[in-house]
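The values are calculated or read from the model by the stated rules, or taken from the named source; none is laboratory data. The structure displayed is predicted, hence computed values, not measured ones. Note that we place each Cβ from the backbone using ideal geometry, even for glycine, and neighbour counts take in every protein chain shown. The area values use the complete protein model at the heavy-atom level, side chains included, leaving out ligands, DNA and RNA. Shrake-Rupley method; radii C 1.70, N 1.55, O 1.52, S 1.80 Å.
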Amino acid sequence: MARFPQDFAWGFATASYQIEGSAFEGGRGPSIWDTFCKLPGKIRDGSNGDVATDSYRFWKVDVALLKSYNVKAYRFSISWSRLIPLGGRDDPVNPEGIAFYRTLAEELLRNGITPYVTLYHWDLPQGLHDRYGGWLNKVEIVKDYVNYAKLCFDSFGDLVKNWITHNEPWVISCLGYQKGVFAPGHKSDTEPWIVAHNLILAHAHAVKLYREEYKSIQGGHIGITLDCHWQIPYDDSPENIEAAKKGIDFKLGRFADPIYKGYYPERVKQIIGDRLPVFTEEELTVVKGSSDFFGLNTYTSQLVKEGGTDETNGYITVGHTRPDGTQLGTVGAKNICVVNPPGFRSLLNYLWKTYEKLIYVTENGFAVKDEHQMSLPEALHDKDRLEYFEGYANAMLGPVSEDGVPVKGYFGWSLLDNFEWTDGYETRFGVTYVDHATQKRYPKEFARFLSKWFTEHIEP
Ligand code: BGC
């Protein structure tokens, strides 16, 4: 039987704003998501992350849950405004915030679970947004982000050896500054490119700092997580074959090419023209090669046709219905939930061929359709999620064992049913059901399945 090597890291992922709650306790300052959620009509069920899964208080319960699932690793993110409530390099540090994440990391390690830590999963301190426009201000945000990263390396680097700078810069820049559907809710055709550029620079400078001042002492590694769905041409026409390539460049290449190769993709340059900022020679020396691994978040595959009005993906149209009317796979609660394991395998092979970096699948998951309307026993019997993960886990084993693709880890999204951004609590991605009224956690069938599957498929 094919197996992953013994050091394969598998586990589940979460993000601070989606689980912690205690938004105004423990000295935490507000983030742009606290503000955005309060704007009328932005969150489908009118909710927010004030309480979420209450994991700031129930962190020990969560670690016990992880332990019961037999995971080897846990990916969580740090809330910047919990460490530095106002966010900036001259602002006070919150010792309670530091103590919280240290205790969490220690408890994980005590239980044999390796922490994978994301520095930025979308919750920019509101203070920085108000002070100078947050991600729009290159000089200030790069300095403040690097200062925050330094605080994290100093405070947790003896415990944490796996660092992820940003989660999904595409989402941050396109949904937050182009479409305006995520915090801070801007709609612009110039801002997303400025924000994306500044995210890349902030990431690269944090990596430079880690490599120069911490790596040799702390012995960890650091990289970025990008998101991409595999893009399949709708049919064999040359224009749709080209459209799928454009889809990859607009979603992934716009970040991956600068970071791993040192330039923006030609297809992006052609369409965006002089709205695309240019890296100076000096910046490029910091940006090029600034990730020790490839962090990949992926949920589904998409069929791609040329044409459309959406600049976020380079004017292509995406869907899940094939020319013969069939679906790419079982459909879940939202458009990123369509089961298509072969696309996952293709994407892993594409990444290895194109960027030649070790890959960590830092998120992969499925929300079952209408799960929020099911009874508890129905929700716990999550057979579509089971179909999804079994397909994806097996589709990952192929590249590792047959194609020689070095996938080093896999994190299911998510440990808990949590605050699913603009969907509020209606969409449930968790492998653990959370009763949001009582905060009681109930393992779904799938959690046990995956635990058994990985135990059987990793070298002893
Ligand atoms: C994000 C998560 C989110 C998940 C499901 C990913 O894009 O990193 O925070 O909950 O997708 O939508």
Among the residues in the range 348-364, are any in contact with a helix residue (DSSP H, G or I) (Cβ under 9 Å, 6 or more places away or on another chain) and among the acidic types (Asp, Glu)? yes
Exception for GLU212 within (1) free of Cβ contacts under 8 Å to residues at least 40 places away in the same chain; (2) within 16 Å of the ligand (Cβ to nearest atom) falls at (2)
Suppose we filter the range 273-294 for residues that are over 29 Å from TYR360 (Cβ atoms) and either surrounded by 17 or more Cβ atoms within 10 Å (Cβ to Cβ) or touching a His at 6+ places or on another chain (Cβ under 6 Å) (or both); how many remain? 0
Number of the exception - ASP45 against (1) surrounded by fewer than 19 Cβ atoms within 10 Å (Cβ to Cβ); (2) more than 16 Å from the ligand (Cβ to nearest atom): (2)
Inspect all residues belonging to the range 193-200 and state whether any of them is more than 22 Å from ARG267 (Cβ to Cβ), at pLDDT 95 or above and out of contact with any Lys or Arg (no Cβ under 6 Å at 6 or more places or on another chain). no
Subset tally (residues that are outside any strand (DSSP E or B) and either modelled with pLDDT under 95 or open to solvent by 60 Å² or more (accessible area, probe 1.4 Å) (or both)) for the range 295-309: 1
For the condition of a type in the set (Asp, Glu), open to solvent by less than 10 Å² (accessible area, probe 1.4 Å) and over 24 Å from LYS246 (Cβ atoms), what is the one hit in GLU371, GLU387? GLU371
Identify, from the list ASP423, ASP435, the residue that is surrounded by fewer than 22 Cβ atoms within 10 Å (Cβ to Cβ), of a type outside the set (Gly, Ala, Ser) and either under 15 Å from CYS337 (Cβ atoms) or within 16 Å of the ligand (Cβ to nearest atom) (or both). ASP423
